1. Taking the 0 to 90 degree range and rounding to the nearest ten, how far is the long axis of helix 62-82 tilted relative to the main principal axis of the chain, both from C-alpha atoms?
2. If you take the beta carbon distance between Ala7 and Val69 as r and set R0 to 35 Å, what does 1/(1 + (r/R0)^6) give as a FRET efficiency, to the nearest 0.05?
3. What 222 nm value per residue comes from the helices of the chain, counting each DSSP H run with n ≥ 4 as -39,500 (n - 2.57) and dividing by all residues, nearest 500 deg cm²/dmol?
4. Considering only the other residues whose Cβ falls under 14 Å of the Cβ of Ala14, what net charge follows from Lys and Arg at +1 and Asp and Glu at -1?
5. Dipole of the chain (Lys/Arg Cβ +1, Asp/Glu Cβ -1, origin at the Cα centre): which of Ala82, Val35, Ala13 lies farthest to the positive side?
6. Would you please classify the overall shape of segment 36-85 from the alpha carbon gyration tensor, given that a ≥ b ≥ c denote the square roots of the eigenvalues, rounded means a/c under 1.5, and beyond that prolate means a/b larger than b/c while oblate covers the rest?
7. How long are the three semi-axes of the equivalent ellipsoid for the chain, computed from the Cα gyration tensor as the root of 5 times each eigenvalue, in whole Å, largest first?
Amino acid sequence: MEFANIAEFRQNAARVFERVRRVGDVVILRNGRPVGLLVAGALLLLLPPLLRRGARAPGVSRKATNVTVYRDQLRELEQDLAAGL
């Protein structure tokens, strides 16, 4: 188990995550007191979805998705207006 202070984590989180990968556990300290524990197993579960970029259904553009959402919202607003809301 290794230790890192909160300032080090804020300045270079990637370096601290690399230590977690290498060592297994890193305790984050603030004023010498533990405030967090980074565990390799938890990071293995949490980081991949967060690091995935552009994960969308194949063949569906961002623009098409936005247009669908906006049309749905417009339809709801028109229904509210017709209902006198």
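1. It is inclined by approximately 50 degrees.
2. Numbers: r = 41 Å, r/R0 = 1.17.
For Ala7 and Val69, the calculated efficiency is 0.30.
3. Details: 4 runs with 50 residues, N = 85.
Mean residue ellipticity, 222 nm, calculated: -18500 deg cm²/dmol.
4. Numbers: positive: Arg10, Arg15, Arg19, Arg21, Arg22; negative: Glu8, Glu18.
That works out to +3.
5. Towards the positive end, the residue furthest out is Ala13.
6. Values: a/c = 6.73, a/b = 2.23, b/c = 3.02.
Oblate.
7. Those come to 45, 18, 10 Å.
Readers should treat all values here as calculations from the given coordinates under stated rules, not as data from a laboratory. From a predicted model like this one, the values you see are computed outputs, not experimental measurements. All Cβ positions, glycine included, derive from the backbone under ideal geometry; neighbour counts span all protein chains shown.
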